[in-house]
Each structure stands twice: as structure tokens, then as C-alpha cells.
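What follows is calculated from the coordinates using simple rules that are stated; it is not laboratory data. Everything quoted here is computed from the prediction, not taken from an experiment. Every residue, glycine among them, receives a Cβ derived from its backbone with ideal geometry; neighbour counts consider all protein chains shown.
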Amino acid sequence: MPVFKNLKSLSIMSEESRGWQAMPVLLRNCPHLETLVLEGLLHHVTDKCGDACDCVSREDKGRSLISCPVKVLEIKGFQGTTKEMHMIKHFLDYFPCLKETKIYMEENDPTQLKVTEVSEVITEKMELNNKSSSCNIQLLLSGGLYKKWTAK
């Protein structure tokens, strides 16, 4: 895969039927990437997902994220599932330059957690991470701000 030296912003559409095998290499080959937009977090889990996701436990977990200079992470189509919450925590733990995370939550999806439950989980994670994190998080509902957490 080539190195994308001038790429500052990248949008990736995720599908449950496709894996993230290429994600670690892609992130490592974008040395100046500042904004990453993920349209959905759910993907087909395989043993070759790489270290970009939290789905498969491995020793080199998060290695491709640690070397990535992403400052802004946008997650669209968020449904509030436990799996997605683990992915967000994974990103908060391993993106060292992350300054802002915007989570766009889907409305009226019968499978999702309630917005208040998601808000409580994010609040809990922010309190745990706040000692070392400098990332602000916004939970957006129908395009409007529902709640904002500011790093201390």
C-alpha cells in the first residue's frame, strides 16, 4: 500500500459484512492524518482485523493507532451497542493526539441503548480517562448537541 503523505482527512464506511484487515496498514500509511470519520463501527470480526479494533485480544493491541496523528475522530451511525462502546474506549485509549471526538447517534433504532444510558456510560469512561486524556467528546443526536464532556 502506498504512503499518503498529503492526506489530512479520511472517511471510511464500515459494514458488518466486511472486516477491518486493511485498517492498520492504512492508518500507518497516513503520517499526517488529522481527521478520521468512521461511518459505523460494526464490522465483520476476523483474526486478521488487526490492532485497529478492540474485537480480537492481541499483544500488539492499538499499535497502528498509537503511531497515527489523528486529532479529530467522528463516529457516524452510532447505535449505542456495547461493542461500539468498547471500540470508542479503545480509540480514546490508543490515539495519542486525539483532541476531539464527535459521536453522531442514530435515533429511533429499537436495538440501541437509550440516549441517557449511552450518556451515562460515556460520562463514566470520561471520568476514568480524564486523568490522562485531553480529548473533548460530543454526543450528537439528530445533528444537534446532546451532551459535551470537556477534558480537564
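Which order results if V72, V118, V25 are arranged by neighbouring Cβ count within 10 Å, fewest first?
If I rank by nearby Cβ atoms, fewest first, I get V25, V72, V118.
Going by amide H atoms built from the backbone, whose H comes under 5 Å of the H on L140, apart from near neighbours?
I103, Y104, M105, Y146
Would you list R28, R18 from fewest to most Cβ contacts within 10 Å?
Ascending Cβ contact count within 10 Å gives the list R18, R28.
Using modelled amide H (1.01 Å from N, peptide plane; none on Pro or chain starts), what sits under 5 Å from the amide H of E74, excluding residues fewer than 5 places away?
For E74, the qualifying residues are L36, V37, L38, K102.
Once you've got the Cα coordinates, tell me which of K8/K83; K71/K147; K8/K76; K71/K114 are over 22 Å apart. Please list the in-between numbers first.
On the way: K8/K83 28 Å; K71/K147 20 Å; K8/K76 19 Å; K71/K114 28 Å.
Violating the 22 Å limit, Cα to Cα: K8/K83; K71/K114.
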